[in-house]
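Please treat every number below as a calculation from the coordinates, not as lab data. The structure displayed is predicted, hence computed values, not measured ones. Every residue, glycine among them, receives a Cβ derived from its backbone with ideal geometry; neighbour counts consider all protein chains shown.
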Amino acid sequence: MNSDCIFCRIAAGEIPCAKIYESEEILAFLDIAPVNKGHALLIPKRHHENFFDLPDEIAGVLLADLKRVGAAVMAATKADGLNLGMNNYEAAGQLVMHAHFHLIPRFLDDGLNHWGQKSYESQDEMNAFAEKIRSSLA
């Protein structure tokens, strides 16, 4: 446990939460600043800073529970859709440096917009980015 981490303290029971799911390794609770009501967070109980720090076995459990809890959020809120999101690192919007998925119920009339999109200047530029990524695969 990282005593400076709010999610570690929630997982340890030191800070209360509106818990919706718990297993030996995973905890899900409602976000205190929801995008829409029913917006939940799913975290590993042990401290891992982001998705890339998760051991593979925990990542697998986390994703399986994400499916289960996501279906429950949709059913309970009668949502038309569900955004699953994880921000990794500060530049991507991660505010709490403890791996966590957002489960955001979405409704056809909720007024939320998707990100703006950009384009490549050419097919050659797109191919160059693809090659850089391929060569970076471990």
Could you tell me the calculated FRET efficiency between residue 78 and residue 33, based on Cβ-Cβ distance and R0 = 22 angstrom, to the nearest 0.05?
0.50
Can you list which of the GluC sites (Glu not before Pro) found in segment 23-126 are DSSP loop residues with at most 11 other C-beta atoms within 10 Å?
24, 121
With each run of n ≥ 4 DSSP H residues scored as -39500 (n - 2.57), what mean residue ellipticity at 222 nm is computed for the chain after dividing by its residue count and rounding to the nearest 500 deg cm²/dmol?
-10000 deg cm²/dmol
Nearest 10 degrees, 0 to 90: what angle lies between the long axis of helix 56-77 and the longest principal axis of the chain (Cα atoms)?
70 degrees
Run the reach check for residue 19 against lysines, Cα to Cα strictly under 29 Å, same-chain hits fewer than 8 apart removed. What comes back?
37, 45, 67, 78
Which residues make up the longest stretch of the chain that has no chymotrypsin sites (Phe, Trp or Tyr not before Pro) in a DSSP loop with at most 12 other Cβ atoms within 10 Å?
1-88
Taking a spot 7 Å from the Cα of residue 51 along the direction of its beta carbon, which residues of segment 71-91 have an amide N less than 19 Å from it?
71, 82-91
Percent of Cα pairs exceeding the 15 Å cut-off, where the set is segment 47-126
68 percent
How tilted is helix 123-136 with respect to the longest principal axis of the chain? Cα atoms for both, answer in degrees (0 to 90, nearest 10).
50 degrees
Surrounding net charge for residue 101, when Lys and Arg each add one and Asp and Glu each subtract one, Cβ distance under 13 Å
0
Hey, in the chain, which Cys have no second cysteine's beta-carbon closer than 4.7 Å?
17
Counting pairs of Cα atoms in the chain, how many percent are more than 26 Å apart?
34 percent
Among 82, 42, 62, 137, rank each residue by its count of other Cβ atoms within 10 Å, from fewest to most, as a rough exposure measure.
137, 82, 62, 42
